[in-house]
Amino acid sequence: MNETSEIPLRVAPRRTLAEEWALVLVAQGLPPSIRPTDEGFVLGVPSEEVEQAIGALYAYESENPAEPQEGEEVAGSAHLYAALGVSVALVVFFFITGARNPTVRWFERGSADAERILLGELWRTVTSLTLHADLGHVMANAIAGAIFLSAVCRVLGPGLGSTLVLLAGAGGNFANALLHGSLHVSVGASTSVFGAVGLLGGLGVAQRRRRGARGRRAWMPIAAGFALLAMLGLGERVDLSAHLFGFLVGGILGILAALVVPRPPGPHLQWTFGGAALGMLIYSWALALG
């Protein structure tokens, strides 16, 4: 992180909590780090970013109290409902389609088959995001998706955020098909999950540039996103190239969104964007099964 000293900001007992805090800071254009210690997971930021990081976390926790009072409406909680709704839908759909089986029509017609995508079956870039290999696969994506999608929707709004995360996943799958050409088939929402990480990084870059940051300092949120990709996107039976392409497409969409939509659209447009995302998903499956 060049010559800048890093200051420990908080210690989380669980990695998921530290990652949630890190996403909040990335969305604000800050470059956090997470370091495991005997006491827990230490969230750190460069010394000159401490004041802004504390303010960002305080604002986030004020809008998202851990235990809201019974019957009390939590302000600004639409992003949480959207993220949880998508995660629940992924799990429910898994119980409809079952585990991965190439002979089952859902997987035969909906998987991200690189050769078929390049032959024009573009719906597969979308439908494959809703299919999963097994229960562990879908649960991991549902949990990670809830965290990352919630962070994106908090910045852009639930409708626009969900649409861009879906587009990042579809774009990542298409780029992955171009890379492999043939003999590559994949399923899973993780391409969209890392698309959400890329979106946060792109939004953070745009915010820092608006505040006058230039050079490497302006691109620190993308570097922080790459760190999260390396931390969460590696492992056995993982389609790393799909994760990377989802992240890159998300980063581009995040920068474009910040330029075109400097503030979240109002409720009517949010519903329009959300309906468009749902319509694209339904239409893709209609093409796949029709």
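The values are calculated or read from the model by the stated rules, or taken from the named source; none is laboratory data. Here the structure is a predicted model, which means the values were calculated and not measured. As a convention, Cβ positions derive from the backbone with ideal geometry for all residues, glycine included, and neighbour counts pool all protein chains shown. These accessible areas exclude ligands, DNA and RNA; they are computed on the full protein's heavy atoms, side chains included. Shrake-Rupley method; radii C 1.70, N 1.55, O 1.52, S 1.80 Å.
Quick one: with all protein chains in place, what share of the accessible area of the range 80-129 is carbon or sulfur, to the nearest percent (1.4 Å probe)? For the range 80-129, the apolar C and S fraction of the accessible surface comes to 66 percent.
Its alpha carbons give the range 73-186 an Rg and a Dmax of 15.1, 50 Å.
Backbone amide hydrogens, once placed in the peptide plane, bring residue 7 within less than 5 Å of 45, 47, excluding anything fewer than 5 places away on its chain.
Centre-to-centre separation between the Cα atoms of the range 167-196 and those of the range 241-290: 15 Å.
The 3J(HN,Hα) values that the Karplus relation (6.51, -1.76, 1.60; θ = phi - 60°) gives for the range 270-286 are, in residue order, 4, 5, 5, 5, x, x, 5, 5, 5, x, 5, 5, 5, 5, 4, 5, 5 Hz. Gly and Pro appear as x. Our coupling estimate for the range 239-247, obtained by passing each phi through the Karplus curve with A = 6.51, B = -1.76, C = 1.60 and θ = phi - 60°, is 8, 4, 5, 5, 4, 5, 5, x, 4 Hz, Gly and Pro reported as x. Gain on full extension, evaluated as 0.36 nm per residue between residue 96 and residue 7 minus their Cα-Cα distance, stands at 27.3 nm. Accessible surface of residue 143, taken over heavy atoms with a 1.4 Å probe and every protein chain present, rounds to 100 Å².
A crude spin-label estimate for the pair residue 261 and residue 105, with each label 7 Å from Cα along the Cβ direction, gives 3.5 nm. Report the calculated FRET efficiency for residue 283 and residue 17 (r = Cβ-Cβ distance, R0 = 41 Å), to the nearest 0.05. After rounding to 0.05, the efficiency reads 0.60. Computed from phi, the 3J(HN,Hα) profile of the range 50-60 under the Karplus parametrisation 6.51, -1.76, 1.60 (θ = phi - 60°) reads 4, 4, 5, 5, 4, x, 5, 5, 5, 5, 4 Hz, with x in place of Gly and Pro. Just so you know, the Rg over Rh for the range 111-172 is 1.03, from Cα atoms, with Rh as the Kirkwood radius.
Accessible surface comparison of 272, 37, 191, probe 1.4 Å, protein chains only, largest first: the order is 272, 37, 191.
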